[in-house]
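The values are calculated or read from the model by the stated rules, or taken from the named source; none is laboratory data. Everything numeric here is computed off the predicted structure, so don't read it as measured data. Glycine also receives a Cβ, built like all others from the backbone with ideal geometry; neighbour counts cover every protein chain displayed.
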Ligand SMILES: [Mg+2]
């Protein structure tokens, strides 16, 4: 894949992340809830395959990637917060 195409796809994922933040705000969930959200999005990918809908298939894959990134962001926030709350004696 050319780096131009990769940048284009990553830009779509970033755009979707921004849409999610506008819609939901910063989301801090536990891993089980993130797993459920990802499972729901993965299910939508599967549904698009069953419906032979290639447009939705691609859109849902972008959403899966975006939700995975949101879960990583949440995890990293929690790790950073844990570091900040640790006070060495
Ligand atoms: Mg979806």
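Report whether or not residue 17 is away from the ligand (no atom under 11 Å from the Cβ), at negative phi, over 14 Å from the mean Cα position of the chain (by Cα) and modelled with pLDDT of 95 or more. Step through it out loud before you land on a result.
Details: away from the ligand (no atom under 11 Å from the Cβ): yes; at negative phi: yes; over 14 Å from the mean Cα position of the chain (by Cα): no; modelled with pLDDT of 95 or more: yes.
Here the answer is no, as residue 17 does not meet what is asked.
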Inset, instruction - Quick one: residue 88 ticks every box in (1) more than 25 Å from residue 8 (Cα to Cα); (2) in contact with a helix residue (DSSP H, G or I) (Cβ under 8 Å, 6 or more places away or on another chain); (3) free of Cβ contacts under 8 Å to residues at least 24 places away in the same chain except a single one, so which number is it? - result: (2)
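Condition test on residue 31, is it away from the ligand (no atom under 16 Å from the Cβ), over 19 Å from residue 8 (Cα atoms) and at pLDDT 95 or above? Let's see the steps before the verdict.
On the way: away from the ligand (no atom under 16 Å from the Cβ): yes; over 19 Å from residue 8 (Cα atoms): yes; at pLDDT 95 or above: yes.
Yes; evaluated as a whole, the condition is true for this residue.
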Inset, instruction - Using the structure shown, decide if residue 63 is surrounded by 14 or more Cβ atoms within 10 Å (Cβ to Cβ), touching a helix residue (DSSP H, G or I) at 6+ places or on another chain (Cβ under 7 Å) and assigned to a loop (DSSP other than H, G, I, E, B). - result: no
Inset, instruction - Scan the range 39-60 for residues that are over 21 Å from residue 9 (Cβ atoms) and in a loop (DSSP other than H, G, I, E, B) and report the count. - result: 2
Legend entry - Selection status of residue 36, in contact (Cβ under 8 Å) with a residue 12 or more places away in the chain, within 14 Å of the chain's Cα centre (by Cα) and either within 11 Å of the ligand (Cβ to nearest atom) or in a helix (DSSP H, G or I) (or both): no
Inset, instruction - Quickly run through the range 52-89 and pick out the residues that are within 13 Å of the ligand (Cβ to nearest atom) and more than 14 Å from the chain's Cα centre (by Cα). - result: 53, 55, 56, 57, 58
